[in-house]
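The values are calculated or read from the model by the stated rules, or taken from the named source; none is laboratory data. Worth saying up front: this structure is predicted, and the values here are computed from it rather than measured. Heads up, the Cβs are rebuilt from the backbone with ideal geometry, glycines too, and the neighbour counts pull from every protein chain shown. Ligands, DNA and RNA are stripped out before the accessible areas are found, and what is left, the full protein with its side chains, is counted by its heavy atoms. Shrake-Rupley method; radii C 1.70, N 1.55, O 1.52, S 1.80 Å.
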Amino acid sequence: MIIPHPLLGPRDAAEFVYKGDASLINRPDGMTASDDEMHDYAYLRDNPAGEHRELWYHEQGDRSWLVVTRNTMTHDITYVELARDVARASGRSR
Amino acid sequence: MTQSHRIDGGQIDRSRSLKFEWNGKKMAGHPGDTLASALIANGVQLVGRSFKYHRPRGIFSAGSEEPNALVQLRKGAAQEPNTRATTVELFEGLAATSQNHRGSLEWDLMAANDLLARFLSAGFYYKTFMWPKAFWEKLYEPVIRASAGLGNLSGQADPDSYDHGYLHCDLLIIGAGPAGLAAALAAGRSGARVILADEDFVMGGRLNAETHEVDGQPGADWAAAAIAELSAMDNVRLMTRTTVYGSYDHGIYGALERVTDHLADAAGKPRQVLWRLYTQRALLTAGATERSIGFGNNDRPGIMLAGAVRAYVNRFGAAPGRRVAVFTNNEDGLRTAEDLKAKGIEVAAVVDARKGEYVLNTVGRRGLKSITLSTGPTIPIDCLAVSGGWSPNVHLTCHHRGRPVWRDDIAGFVPGEGLPPGMTVAGAANGAMTLAAALNKAHEAGASLASALGAKGNAGDAPTGSDENFDATPFWYVADSKPRAWVDLQNDVTSKDVKQSHQEGFRAVEHLKRYTTLGMATDQGKTSNILGLAIMAEASGKTIPETGTTIFRPPYNPVAVGAFAGRARGKEFRPTRLTPSHHWAKENGADFVETGMWLRAQWFKRSGEKGWRDSVDREAAAVRKSVGICDVTTLGKIDIQGRDAAEFLNRIYSNPFLKLPVGKVRYGLMLREDGVAYDDGTTARLTETHFVMTTTTANAVTVFRNMEFARQCLWPDLDVHLISTTDGWAQFAVAGPNSRALLQKVVDDLDLSNDAFPFMACTECTVFGGTPARLFRISFSGELAYEVAVPARYGDAMMRGLMAAGEEFDAVPYGTEALGVLRIEKGHAAGNELNGQTSAQNLGLGGMVSQKKDAIGTKLSTRPEMNRDDDLRLVGFRPKDKSILLTAGAHFLNPGDPEDMAHDQGWMTSVAYSPELGHSVGLGYLKQGSERMGETVRAYSPVRNQDILVEVCSVHHIDPEGVRQRG
């Protein structure tokens, strides 16, 4: 696969490490979250056949974490963002 | 042996002769020959035995679709089984043997299987070997194993080398037959960057095997001219002997180039190169493969595809027979007779299925002798050319689950929906079955793809070729034939097997394949799949498209595992990392151990020491007595800077870090998000905004990865930056009562007294008169100890300097084993204890986990199940009988309890012989361990055959109050 890195352009997927569902960004605050919320965050993932937003880490590159929107049926990559931008957009600043 | 069947013409170099050996017999051929064509030229018909029935078999095709002529190539370690004689290029000294027979090829002892055929039909495995059950292990399996498989491996390591390569292009053209050449000319002339790959060693495909004309010249001449024109283009790369075997995501193709397979001596070059081709667009011009017809005993040596007969006669100047008959259902087959006659070979009969004439049966055990026709006569011949029509080579179009669609007009499957993105198909592979159509369509495709890719040059005119009649009248098998009719030669599947599969309910094509093995193994049914499908369709009373089609997966042809491994073999499987003191250690008798990618000294042997224990005991004792030095560079090091660095660490570590003073080090415990203990180490605060973290050697990479995840994804606006400095700093532990005195000689202008530089202090300083360094007063051994770091390039000099400075204290270097002894004596947890299943509570560190902040893993570490009072706790153990050495992995049992899991009390994680205490000491997890000090339990190890009594004690076998490290 080739991942179009938002800063570096097309890069071979072999340079990346895969983590999984991008919902891992949405970590609840451990001080206020219920047991169930924290459990769901740590253990439960969707496993869609089709579009999937997922985390890739450019370990052999610039060490950016990316959110890659990839179709799990066709491996089509339709959108790639810096995970930091996604985190900020979902209100994770500070 | 003379080349009895060599005839005039062909593309072989008769000026040179190549000697080779076949089953020990000396023969000769010419450059340009394949092993198959040379065998044919030498009059060899019988080349192997079939898989199941051990039927005598001959050469069937002239290409990589070959199901029969699988031979063992070369000798000794380089021996390679199951190579197709039809693709092996002849070289001087080539040695090949036939395979899959016991005794000689002519008198195979396993041929008795053929007489048992009615017991060995489809699915016989599943039916025959079911009972009695006891027979399976003792009788059936050994016999099946001995009979299964084709060739033999040498059993030795592969002496050849393989490489990986990477190429980029605008347009990859797969297959350099007439269509591929026409497309490459159009795209190349336009200026696109083109790679043209073909599995053959000569490009041109069928043009070399046929007598067609292109642009008014013989096809082979036109092909040679086209190759010459393409070779002169800087933007075109021609890759012969290169099979594009798979289509992968985003325009990436896998290709195998046989670089030196055709040479007697590789002369140091890799044998094969596995290419990864990055393409903008790809054009598949892979042509078509001829298929056979089912009739009685259609598998005898001498029965061959008609196209292969033409290839041997026209391209290789080798006559597969002296008196040949043709059995065909199409015009293409008829051309065989014309080509044979032109070469002066007698054509005994042309049997045209379209006229209602069939071949019913054949005779000739080790070579064809005669055929019997449906019209009555028996005709003596030594070769039968069979053509059942052509199937487009759609394989690569299926690699993204594309499904081919049936076309009645050509009686074949053509590429359908779901092609790999960026792929176009042209020529016979796309159903353009005549030369004229293939040239035209491919030229058009090459020109338009180049233009779509931005190439602006003039593609030139399409070449013109003869527009011969392509009449595809499906005819699959002779229903009146009584004897067995083979569908899949490689797997010995007959038309009866296909019908039986239908009868027994295995009707889906995928079931048909698994039940009968049709289309399996090295040829993947290239000549047989459609025939099998057609018979199944007839049995089901359905059409072929209704019956379905098998789709293809990579690889198109077999790829050796060695090629996938490339250079990553043995020691080269992964990088080897050397510590900065490696060369010093080597000079000083170190014995090395692999820890991850690192090579670390595990002990330093001195003369007179008989075993490793002598060295390790001496090193550990010397540390406790005076001072020792250990290279600890392999620990992960992460530099953490920023205004929010302390806040960030406070969220990463389970224990508090916010208030760590500048100039101090703190032990930190990381949890996984599920609350399980993950990694530990020390973190030093050099300035208000600058921290230096160490991780375990094993987790160095993943801890850094997870911290970057936390930094970018969880808390994107904390002002903190990370960089791994594991390789940047050489770090040495200097441990023992004399460590202060030693280091005082090394550091520049720094007071190391206990008041000025107490336990857990850290500072930046210089050593040896100005070399920048970092000094940490931390102790893994429990002694007064320091770790000193210098930039990695000074690591070797630092080790030598420390040893020189330590001479007056009898300083010793110590390795990982002594390091282990010291930490077990002291009761520090390491990898054996942090095994991914244990909580902070288990480690006895439950109190460290701060509940006043939200760090990774805090929340889920509070789950009741992870905090049970009766749960495992890390404690120390010593043997009741001090002379006994403890065993790691032993399970604890209360005395008197039975040895079963219900009574399991925990297990021993680490053991060592303590030279300080004079007996073995251990660490381990014991249920409610912290409340059982002084108790006696059994340490039971059925694996090591040990069953002893041990006493529960503190994890701190030495200096439980920590006086020494604080002294």
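So if I take the centroid of the Cα atoms in segment B:394-411 and the same for segment B:55-89, what is the distance between those two points in Å?
Their Cα centres are 28 Å away from one another.
I'd like the chymotrypsin sites (Phe, Trp or Tyr not before Pro) in segment B:702-763 restricted to DSSP loop residues with at most 11 other Cβ atoms within 10 Å, sorted by number.
Qualifying residues, ordered by number: none.
For B:Ala264 and B:Ala756 in the same chain, what is the full-extension length gain: residue separation times 0.36 nm, less their Cα-Cα distance, in nm?
Gain in length upon complete extension: 169.7 nm.
Could you please state, rounded to a whole Å, how far the C-alpha centre of segment B:192-235 is from the C-alpha centre of segment B:897-914?
Centre-to-centre distance over Cα atoms comes out at 73 Å.
Dipole magnitude of segment A:16-63 about its Cα centre, charges +1 at Lys/Arg Cβ and -1 at Asp/Glu Cβ only, in debye to the nearest 20?
220
Which residues of segment B:703-728 bury at least 40 Å² of accessible area once all protein chains are present, versus their chain alone (1.4 Å probe)?
Residues of segment B:703-728 that lose at least 40 Å² of accessible area once the other chains are added: B:Arg705, B:Phe709, B:Gln712, B:Cys713, B:Leu714, B:Pro716, B:Asp717.
Give me the accessible area buried between chains A and B, both sides summed, with a 1.4 Å probe, in Å² rounded to the nearest 100.
Counting both chains, the buried surface is close to 3100 Å².
Sequence-distant or interchain residues sharing an amide H contact under 5 Å with B:Leu917, placed H: which?
none
Structure shown: which of B:Lys880/B:Lys927; B:Lys269/B:Lys456; B:Lys441/B:Lys526; B:Lys355/B:Lys499 lie over 29 Å apart, alpha-carbon to alpha-carbon?
Beyond 29 Å between Cα atoms: B:Lys269/B:Lys456.
In segment B:846-894, what residues drop by 40 Å² or more of accessible area when the other protein chains are put back, versus the chain on its own? Use 1.4 Å, and skip ligands and nucleic acids.
With the partner chains in place, segment B:846-894 has these residues losing at least 40 Å²: B:Asp854, B:Lys859, B:Leu860.
Just to confirm, what accessible area per residue do you get for chain B at 1.4 Å probe, in whole Å²?
Per-residue accessible area for chain B comes out at 40 Å².
What does the accessible area of B:Phe552 come to, in Å² to the nearest 10, when a probe of 1.4 Å is used?
For B:Phe552, solvent-accessible area is about 40 Å².
Set the bar at 18 Å for Cα to Cα. Now go through B:Lys26/B:Lys75; B:Lys637/B:Lys859; B:Lys659/B:Lys859; B:Lys25/B:Lys75; B:Lys659/B:Lys852; B:Lys826/B:Lys852 and name every pair that lies beyond it.
The answer is B:Lys637/B:Lys859; B:Lys659/B:Lys859; B:Lys826/B:Lys852.
In whole angstrom, note down how far apart the Cα centers of segment B:842-882 and segment B:583-610 are.
Distance between centres, Cα-based: 36 Å.
Report ³J(HN,Hα) in whole Hz for each residue of segment B:243-258, in order, from the Karplus equation J = 6.51 cos²θ - 1.76 cosθ + 1.60 where θ = phi - 60°; Gly and Pro get x.
Ordered by residue, 3J(HN,Hα) equals 9, 7, 9, x, 10, 10, 5, 6, x, 8, 10, x, 9, 10, 9, 8 Hz.
Students often get this wrong: which residues of segment B:758-773 have the backbone nitrogen under 19 Å from the point 7 angstrom along Cα-to-C-beta of B:Glu808?
Label zone hits: B:767-769.
Residues with amide H under 5 Å of B:Gln11's amide H, sequence separation 5 or more or different chain, H placed in the peptide plane at 1.01 Å from N; which?
B:Phe316, B:Gly317
Which helices pass in chain B if a helix is a full DSSP H run, must span at least 24 angstrom along its long axis by Cα, and must have mean Kyte-Doolittle hydropathy not below 0.5?
Taking the DSSP H segments of chain B (at least 24 Å long, mean hydropathy at least 0.5), we get B:435-452.
Over all alpha-carbon pairs in the protein assembly as shown, figure out the percentage whose distance exceeds 50 Å.
Here the tail beyond 50 Å accounts for 44 percent of pairs.
Checking buried surface per residue: for segment B:249-263, which residues lose a minimum of 40 Å² accessible area in the protein assembly relative to the chain alone (1.4 Å probe)?
Checking the loss per residue gives B:Asp249, B:His250.
Using the Karplus curve 6.51 cos²θ - 1.76 cosθ + 1.60 with θ = phi - 60°, work out ³J(HN,Hα) for each residue of segment A:65-73 in order, rounded to whole Hz, and write x for Gly and Pro.
Karplus values, whole Hz, x for Gly and Pro: 8, 10, 9, 9, 8, 10, 7, 6, 7.
Give the Kirkwood hydrodynamic radius (Å, one decimal) of segment B:636-724, defined as one over the mean of 1/r across all pairs of different Cα atoms.
It works out to 12.7 Å.
Any lysines with Cα under 19 Å of the B:Lys138 Cα? List them, leaving off those in the same chain fewer than 8 positions away.
B:Lys127
Search the structure for amide H atoms under 5 Å from the amide H of B:Ala348, placed 1.01 Å from N in the peptide plane, and list their residues when 5 or more places away or on another chain.
It is B:Val324, B:Ala325, by chain and number.
First compute the accessible area of the protein assembly as shown with a 1.4 Å probe, then give the percent of it belonging to carbon and sulfur atoms.
Of all accessible area on the protein assembly as shown, carbon and sulfur atoms account for 52 percent.
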